[in-house]
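Take a look at the structure set out below.
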Amino acid sequence: MFQKGHEKIGGRKKGTQNKTSTEIRKNATLMLQSELDVLKEKLPTLSDGDYIKAIALLFKHVLPAQKQIETESINHPVNFQVEIIDRLSQVSDAEVENAIEKSIQK
């Protein structure tokens, strides 16, 4: 049983592919390559829905798998209230600061 603090001894190194998986991929690639002419001939004869499904299945094996990542979004204010003043002397610095703070907290 693995205990915390002990080093991993033996086995595959991190990131190394399983030999069986590698062999299966290699053989699958060879089989598909030999079927390319048949695929090129049959794909255009499929219905639109089946054609899209077939292409999607093929892309799944060609493109790397996408991973979902979490991002933190900032909720910026979308509603603004504009108050027009004639002169700065009509408003104190404290009132301006309070107004700014209120708009940031929303």
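On the given criteria, is Gln17 surrounded by fewer than 10 Cβ atoms within 10 Å (Cβ to Cβ) and out of contact with any Phe, Trp or Tyr (no Cβ under 7 Å at 6 or more places or on another chain)?
no
Sort out which residues of region 42-58 are over 28 Å from the mean Cα position of the chain (by Cα) and surrounded by 10 or more Cβ atoms within 10 Å (Cβ to Cβ), and write them in order of number.
Keep residues of region 42-58 that are over 28 Å from the mean Cα position of the chain (by Cα), which gives 42-47.
Across region 42-58, the qualifying residues are Lys42, Leu43, Leu46.
Residues that are without any contact (Cβ under 8 Å) to a residue 12 or more places away in the chain and among the aromatic types (Phe, Trp, Tyr): list the helices (runs of 4 or more DSSP H) wholly contained in region 25-106 that include at least 2 such residues. Lay out the reasoning, then the answer.
Numbers: elements: 36-42, 48-62, 93-105.
Ranges flagged: 48-62.
Looking only at region 5-24, filter to residues that are in a helix (DSSP H, G or I) and of a type in the set (S, T, N, Q); which one of those is farthest from His61 (Cα to Cα)?
The first filter runs over region 5-24 and keeps only residues in a helix (DSSP H, G or I), leaving 19-24.
Adding the requirement that they be of a type in the set (S, T, N, Q) leaves 20-22.
Details: Thr20: 17, Ser21: 13, Thr22: 13 Å.
Only one residue tops the list, namely Thr20.
Every number here is computed from the coordinates shown, using simple stated rules; none is lab data. In this text the structure is predicted, and so the values were computed from the model without any measurement. Glycine gets a Cβ as well: all are built from the backbone with ideal geometry, and neighbour counts include every protein chain shown.
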